[in-house]
Amino acid sequence: MSNIKIHVFHTGEVCVAPDLPFGGDNSNAIKASGVFGKKEDRLWLPVSAYLIEHPKGKFLVDTGWAREMSPNGEFDKKAQIKSLGSVMLYEVNQGRIAPGKCIDEQLAAMGIKDSDLDAVLLTHLDCDHANGLPQVKGAKKLLVAADEVKFATKLTNRVRYYKKWWKDIPLTEFDWNDNQGPVGKSYDLLGDGSIELINIPGHADGLFAVKVKNDEGKFVLLFSDGGYARKSWEQMITSGIAADKALQKQSLQWIREQSLDPDCVESLANHDPDIQPHVIEL
């Protein structure tokens, strides 16, 4: 495939305890929540989304924050609690999004409507990835792994996920149809290997990375929350939010191997503070 472009957007910021992104193997959900931590130690990290312009269509990866949680472009506690549907989620993830930075606003500035999107690819259903779904619900398809929907609707995950984010939105669940990745589960989106959705479980059961590859074998890896920054795979730092720590480490090791591959053009985490919005051409 030639003429593939990947637009890297920042769709607001999220404020979290340091243990959430970079807690490592000795972290746990309590530490990651930051409930008992110092507010001054919290980190503001970008919330990314990506537009893949491909000869076979336009594909959006994740949605970022919804405008309703930051209606005036500023941090708004009351609006965020209402949007997230949970005081606990607010305590864990404070967010803000400046005017013009919601994903639909940035797409509109490029002359792109949600109905122009051939698919929205939801790497998983955590709030900072799926909260903006209503803003792009007119896309032709909204794809999420069936494993992730099953995981997100477990009784034990009620605090982490809020069904309202995707309620009344016609999500299309898919089953893995290929065998790439750390656990041999992936989904060949277009049937030609140019966009592969690769299961990287651990943070969430249905979490996937997006591998975009051209005819020469050069590729870009968008590894979502498989790690929170480049240093995650360089130093093998797991995050504090883990459904399965062993699988999380296995997935992170695979991300490391892919990132060090000579054919890897860029390898991007969703929340890396060192990554600025830019355009990648393959």
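Values quoted throughout were computed directly from the atomic coordinates according to the rules given, and no laboratory measurement underlies them. These figures come from a predicted structure and were not determined experimentally. Please note: Cβ atoms are built from the backbone with ideal geometry, for glycine as well, and neighbour counts cover all protein chains shown.
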The correct count of residues that are within 20 Å of L197 (Cβ to Cβ), among the small types (G, A, S) and out of contact with any Lys or Arg (no Cβ under 6 Å at 6 or more places or on another chain) in region 102-151 is 5
Counting only residues that are outside any loop (DSSP other than H, G, I, E, B), under 20 Å from Y187 (Cα atoms) and out of contact with any strand residue (DSSP E or B) (no Cβ under 7 Å at 6 or more places or on another chain), region 206-252 contains a total of 5
**Asked** Does any residue of region 96-103 turn out to be buried (at least 24 other Cβ atoms within 10 Å of the Cβ) and out of contact with any Phe, Trp or Tyr (no Cβ under 6 Å at 6 or more places or on another chain)?
**Response** yes
Scan region 76-91 and tell me whether some residue there is touching a strand residue (DSSP E or B) at 6+ places or on another chain (Cβ under 9 Å), closer than 20 Å to P273 by Cβ and buried (at least 17 other Cβ atoms within 10 Å of the Cβ). no
Listed by range, strands (runs of 3 or more DSSP E) wholly within region 119-191 having at least 1 residues that are free of Cβ contacts under 8 Å to residues at least 24 places away in the same chain and of a type outside the set (A, V, I, L, M, F, W, C) are 186-188
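Each row is one residue, and each column tells you yes or no for (1) farther than 15 Å from D128 by Cβ; (2) surrounded by fewer than 21 Cβ atoms within 10 Å (Cβ to Cβ); (3) touching a residue at least 24 places away in the same chain (Cβ under 8 Å).
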{"site": "P21", "(1), (2), (3)": "no, no, yes"}
{"site": "K31", "(1), (2), (3)": "yes, yes, yes"}
{"site": "P46", "(1), (2), (3)": "no, no, yes"}
{"site": "F59", "(1), (2), (3)": "yes, no, yes"}
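Residues checked against (1) surrounded by 15 or more Cβ atoms within 10 Å (Cβ to Cβ); (2) over 30 Å from L43 (Cβ atoms):
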position: S115; (1), (2): no, yes
position: L121; (1), (2): yes, no
position: H129; (1), (2): yes, no
position: D147; (1), (2): yes, no
position: K163; (1), (2): no, no
Counting only residues that are farther than 20 Å from L121 by Cβ and among the hydroxyl-bearing types (S, T, Y), region 1-53 contains a total of 3
| message | Here is a check on your reading of the model: is A108 in a helix (DSSP H, G or I), within 18 Å of A130 (Cβ to Cβ), free of Cβ contacts under 8 Å to residues at least 40 places away in the same chain and of a type in the set (G, A, S)? | response | no
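Kindly evaluate S70 against the criterion of being crowded, with 22+ Cβ neighbours inside 10 Å and among the small types (G, A, S).
yes
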